[in-house]
Amino acid sequence: MATRDPWSAFKNEAIALTAEALHAAYGITDTIDHLIEEPDPELADFAFPCYAFSQELGEPPHAIAQALEEALPPRDAVTITAQGPYLNFTIKPDKLVATTLESIREHGSTYGHAKPTNKNVLVEHTSANPTGPLHVGRARNPLLADTLVRILRAAGHHVTAEYYVNDMGRQAATLVYGAEEHQDALDEDAMKEDHRLVTAYQKASQALEEDESLEPQISERLQAFEDGDEEMALRFREVVTRAMTGIRATLERANVHHDNMKFESELVLNGTVDDVLERLKKLDACHQEDDGAWYLDMEALGLDTEKPQLFIARSDGTTLYATRDIAYHMDKHQRADTLIDVLGEDHKLHAQEVQTSMEALGENGDIDFVFYNFVSLPEGSMSTRAGRVVYLDDLLDESIERARQEVTERRGDELDEETIDRVARQVGLGALRFNIVSVQAEKPIEFRWENALNFEGATAPFVQYSHARTCGILENAGHDPGQTPQGDASLLTEDAEIQLARTLARFPALVKTWANQQKAHPVTSYAVKTASAFNDFYRDCPVLQADDETLKTARLSLVDAARATLANTLDLIGIDAPASM
RNA sequence: GCGCCUGUAGCCCAGUCCGGAUAGGGCGCUGGCCUCCUAAGCCAGUGGUCGUGGGUUCAAAUCCCACCAGGCGCGCCA
């Protein structure tokens, strides 16, 4: 049984050797795991900087490094050398290549995936109000989160991706009011329900803003719904479901999947929210206004805030987002070990309030948040009302269209219509997803078509193209992917071959790191590095025209390993790995 | 005003959590590479006061403080 994680196996060896040397040379038994670095591959694979013990031992770091080197007898798997103040470990190329190829050969499409952990993770993401189509400002949420979900699954966790459907707040009521009373404003030309409804929603919002006497249209609907009026519940459900059908279709196009749709109203109608509300009211920090509205004193609960009053019930008795969200998170805690919420940074305060309130109730307030900044347009932040908005549907259309032009230009005379269509979809969506996830969540993104739909340089098409090259070589050699004969790894001694194997070897360890950090963006950097390493190999090492058959077979093994790793990496980003493009 | 986030070459972005060996890519620009496994590729060159100023440290893009600039939040909205 080959290791699933070649890199960690070698790293553990470097850690053990360093500990052994410290003990042998100085009698030090400290844990030094966290001190082991992974420097520039030109220098070494692992390094132990000796500054840390310099003062304690009264010796200069380079002398310590020297002493540590001398304390260790030569090893089979790694070369150990003192270089200045560092004790460096370099995996012997033959071991590195052989171990890595064996691991990938054995695990194939699950290379990079860890053993199941039995940990249940619930990732709530997107959860956009069903008042209209997803726009690009918010599209960062599903794209980022779907990659995070894929990474967490690869790390062995059992993950549920959930969409929390706001079907009963003020905005939902406004949507229902719009759909029922402003039917003339429905966009009858629109192809999808979310696009049809949004115009009526906008009209309704505008009408409510201009005419205060319309307010009962909203409050009566909300009250009836919360009071358990079944006819009203059906009216809400019908409209919200229509909008959600459109939103879900968009997400599916973007290759984003939710395992569960949780309707907010469910927890209200089955009494859960009421129970929570009653418990909150019993808190010492809970007070009632003269008109009947209830609020929590957040300062009294220990939150240092400029907004001490967190309202949990309106004067008419209906509940608020915060109240329902507290109930929802309690519900989620019963269903999973770890909760992750992917939210826009505008929800930061709300998140704190929910956690503080849950803890005030003596409930588990552990929630991991991934906050992302917004995608804005050069002319400002997106606003549906101001018409300053790019819908995700339009962005998807445009990206596929531009990709189609690109494929046609490059290979129009070689490929048939069907293939061009396939590649356009793979490349268009790939470029888009890759571009959005490649940036750290907390950084703002200014949306520009030319960046989002770039097909050259550090982009998805670059990675996809490298993958297609691997497939092309295998096909020309007459092998199906994953079916190359085992080659003699010891023949792979060129720099480009070793560097490629080294890059492939890191993948499983990196997946674990990304999952632990709950970060999605580093996977794109890795994808580019891996593709580059393959391209260097492609440039320097002919495969089909290799000097002899045994070398050719060995190289084919490496090509197949690169193929599998590139495909698995792209899969984490939710991008297709085309066999040709 | 208070709180949180961001500030790395003309442009976009890694690296920052856990301080260490010359700050990495990409785009752009200049020049070169298709009788050779897909040129969405490759090679060479160009370009950086890591927002500013202090501090901690043997060592700071990374930690601390102040300031500047941009974003977000401070609803009986979600």
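A:Arg506 meets the conditions (1) part of a helix (DSSP H, G or I); (2) within 32 Å of the chain's Cα centre (by Cα); (3) more than 13 Å from RNA strand B (Cβ to nearest atom); (4) surrounded by fewer than 21 Cβ atoms within 10 Å (Cβ to Cβ) in every case but one. The failed one is (4).
In region A:271-308, which residues are more than 16 Å from RNA strand B (Cβ to nearest atom) and touching a residue at least 60 places away in the same chain (Cβ under 8 Å)? Correct list: A:Arg279, A:Leu283.
Is it fair to say A:Ala77 is among the hydrophobic types (A, V, I, L, M, F, W, C), more than 16 Å from RNA strand B (Cβ to nearest atom), modelled with pLDDT under 95 and not assigned by TED's automatic domain parsing to the domain that holds A:Tyr328? Explain how you work it out, then say what you get.
On the way: among the hydrophobic types (A, V, I, L, M, F, W, C): yes; more than 16 Å from RNA strand B (Cβ to nearest atom): yes; modelled with pLDDT under 95: yes; not assigned by TED's automatic domain parsing to the domain that holds A:Tyr328: yes.
The answer is yes for A:Ala77.
Name the single residue, out of those in region A:91-120 being among the hydroxyl-bearing types (Ser, Thr, Tyr) and surrounded by fewer than 19 Cβ atoms within 10 Å (Cβ to Cβ), that is farthest from RNA strand B (Cβ to nearest atom). Once the filter is applied, the top-ranked residue is A:Thr110. The residues listed here are A:Glu252, A:Glu238, A:Glu230, A:Glu220; of these, the one that is closer than 30 Å to A:Leu570 by Cα and free of Cβ contacts under 8 Å to residues at least 12 places away in the same chain is A:Glu252.
Are any residues in region A:4-55 of a type in the set (Ser, Thr, Tyr) and either in a helix (DSSP H, G or I) or assigned by TED's automatic domain parsing to the domain that holds A:Leu504 (or both), and if so, which ones? Show your work before the answer.
The first filter runs over region A:4-55 and keeps only residues of a type in the set (Ser, Thr, Tyr), leaving A:8, A:18, A:26, A:29, A:31, A:51, A:54.
Hits for region A:4-55 are A:Ser8, A:Thr18, A:Tyr26, A:Tyr51, A:Ser54.
The set of residues in region A:70-104 that are out of contact with any Leu (no Cβ under 6 Å at 6 or more places or on another chain) and in a helix (DSSP H, G or I) comprises A:Glu70, A:Ala71, A:Pro93, A:Asp94, A:Lys95, A:Leu96, A:Ala98, A:Thr99, A:Leu101, A:Glu102, A:Ser103, A:Ile104. For region A:266-353, the strands (runs of 3 or more DSSP E) that sit wholly inside it and include 3 or more residues that are surrounded by 14 or more Cβ atoms within 10 Å (Cβ to Cβ) and either more than 32 Å from the chain's Cα centre (by Cα) or not assigned by TED's automatic domain parsing to the domain that holds A:Asp167 (or both) are A:294-297, A:309-313.
Answer yes or no: is there a residue in region A:204-215 that is closer than 22 Å to A:Tyr163 by Cα and touching a residue at least 60 places away in the same chain (Cβ under 8 Å).
As a first pass, look at region A:204-215 and keep what is closer than 22 Å to A:Tyr163 by Cα: none.
So far as region A:204-215 goes, no, none of its residues is closer than 22 Å to A:Tyr163 by Cα and touching a residue at least 60 places away in the same chain (Cβ under 8 Å).
Filtering region A:453-464 for residues that are assigned to a helix (DSSP H, G or I) and either modelled with pLDDT under 95 or within 7 Å of RNA strand B (Cβ to nearest atom) (or both) leaves a non-empty set. Which of the residues belonging to region A:57-78 are surrounded by 15 or more Cβ atoms within 10 Å (Cβ to Cβ) and touching a residue at least 40 places away in the same chain (Cβ under 8 Å)? Those that are surrounded by 15 or more Cβ atoms within 10 Å (Cβ to Cβ) and touching a residue at least 40 places away in the same chain (Cβ under 8 Å): A:Ala67, A:Leu68, A:Glu69, A:Ala71, A:Leu72, A:Ala77, A:Val78.
For region A:39-53, filtered to residues that are modelled with pLDDT under 95 and aromatic (Phe, Trp, Tyr), the residue that is nearest to the chain's Cα centre (by Cα) is A:Tyr51.
The values are calculated or read from the model by the stated rules, or taken from the named source; none is laboratory data. Source: prediction; values computed, not measured. Neighbour counts run over all protein chains shown; Cβ positions are idealised from the backbone, glycine included.
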